[in-house]
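The values are calculated or read from the model by the stated rules, or taken from the named source; none is laboratory data. Fair warning: this is a prediction, and the values are worked out from it, not measured in the lab. No Cβ is skipped: glycine too gets one built from the backbone with ideal geometry, and neighbour counts run over all protein chains shown.
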Ligand code: C2E
Ligand code: MG
Ligand code: MG
Ligand code: MG
């Protein structure tokens, strides 16, 4: 029965309550055993610097590989992992695996090829995160400057004072902090100035409808101005077309990520992409013009 449930992906649209509760228990047990059986994998999505035209980092994105080879997406297991606390061991595995891989990409002395790791709201709340990050960096030998932690706007706002302390200690280690899905929190922007941050990642929803001089362009322009004044880097996610990338460069974004640059992929595919990526910097001029 559990096997059959697996291939149907873990969505529960019209299940009755009993069935629902039972399926959730099966899923929880499956996540546990999936972890111990090594079924989780990371894919890496490239991030492109519009200043240099180079891929200078990646975001690690978790997938759950089923025995049949099928990859289950985060939205089908992360909510439950978060609710049950399983996100702690899963998140610890993600961090360790991403740092292990990034250490291979970053031999000593080379310029940093950054790896971004998503940190869930629950992980952010415990004091353990600082110790976990320190221990993982020590074990893998990764230079802290090559690690970026992505926290969501809503997680940051919820407990701003405590989170601020945690983020400050993380930054003292030498890594950077990005605010993921920026602009979706419906909050006052004032929190941004109180928090120790390095980067804002503009949510995909603003990039989707982006056209020259439309409402999304106005919002992105405002975020870029905010970022510049607070000395934060601006990244944009969900970039699917050349036109969006061109517009983001004209608006002064620093970094772009999305299917147009590359899908989440294996380290092997990433190496091939980087080797073949056009290295010219057609956007450098636009970005620096926008900075004036
Ligand atoms: P996110 O951190 O905002 O990651 C970006 C998501 O957008 C990824 O979905 C990525 O595959 C997708 N994406 C990237 N470029 C494009 C594009 O051009 N168009 C469209 N339509 N989508 C694009 P994914 O991998 O399914 O992850 C969804 C969310 O799950 C992530 O959103 C993140 O919040 C969470 N997540 C993923 N991996 C982890 C993890 O290891 N730990 C934690 N705590 N959360 C994770
Ligand atoms: Mg997805
Ligand atoms: Mg992210
Ligand atoms: Mg996001």
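With in contact with a strand residue (DSSP E or B) (Cβ under 8 Å, 6 or more places away or on another chain) and within 16 Å of ligand 3 (Cβ to nearest atom) as the only criterion, which of 202, 220 stands out?
202
Only residues that are within 16 Å of ligand 1 (Cβ to nearest atom) and out of contact with any helix residue (DSSP H, G or I) (no Cβ under 9 Å at 6 or more places or on another chain) were counted across region 24-33, and they come to 0.
Each row is one residue, and each column tells you yes or no for (1) in contact with a helix residue (DSSP H, G or I) (Cβ under 8 Å, 6 or more places away or on another chain); (2) crowded, with 16+ Cβ neighbours inside 10 Å.
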position: 122; (1), (2): yes, yes
position: 125; (1), (2): yes, no
position: 129; (1), (2): yes, yes
position: 134; (1), (2): yes, no
position: 138; (1), (2): no, no
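Out of curiosity, is residue 235 away from ligand 3 (no atom under 16 Å from the Cβ) and modelled with pLDDT of 95 or more? Taking the combined requirement at face value, the residue does not satisfy it. If the condition is being outside any loop (DSSP other than H, G, I, E, B), within 16 Å of ligand 2 (Cβ to nearest atom) and either without any contact (Cβ under 8 Å) to a residue 40 or more places away in the chain or closer than 18 Å to residue 149 by Cβ (or both), then region 194-239 contributes 201, 205, 208. Restricting attention to region 251-268, the residues that are assigned to a helix (DSSP H, G or I) and more than 14 Å from residue 105 (Cβ to Cβ) total 1.
Where helices (runs of 4 or more DSSP H) fall wholly inside region 98-193, the ranges with 3 or more residues that are farther than 21 Å from residue 205 by Cβ and modelled with pLDDT of 95 or more are 128-140, 160-173.
Only residues that are touching a residue at least 24 places away in the same chain (Cβ under 8 Å), more than 16 Å from ligand 2 (Cβ to nearest atom), over 24 Å from residue 151 (Cβ atoms) and out of contact with any helix residue (DSSP H, G or I) (no Cβ under 9 Å at 6 or more places or on another chain) were counted across region 35-86, and they come to 0. Every residue in region 233-260 that is within 10 Å of ligand 1 (Cβ to nearest atom) and surrounded by fewer than 18 Cβ atoms within 10 Å (Cβ to Cβ), please. The answer is 240, 241, 259, 260. Check region 62-77 and report whether any residue there is within 25 Å of residue 255 (Cα to Cα), within 13 Å of ligand 1 (Cβ to nearest atom) and surrounded by 19 or more Cβ atoms within 10 Å (Cβ to Cβ). Within region 62-77, one or more residues are within 25 Å of residue 255 (Cα to Cα), within 13 Å of ligand 1 (Cβ to nearest atom) and surrounded by 19 or more Cβ atoms within 10 Å (Cβ to Cβ).
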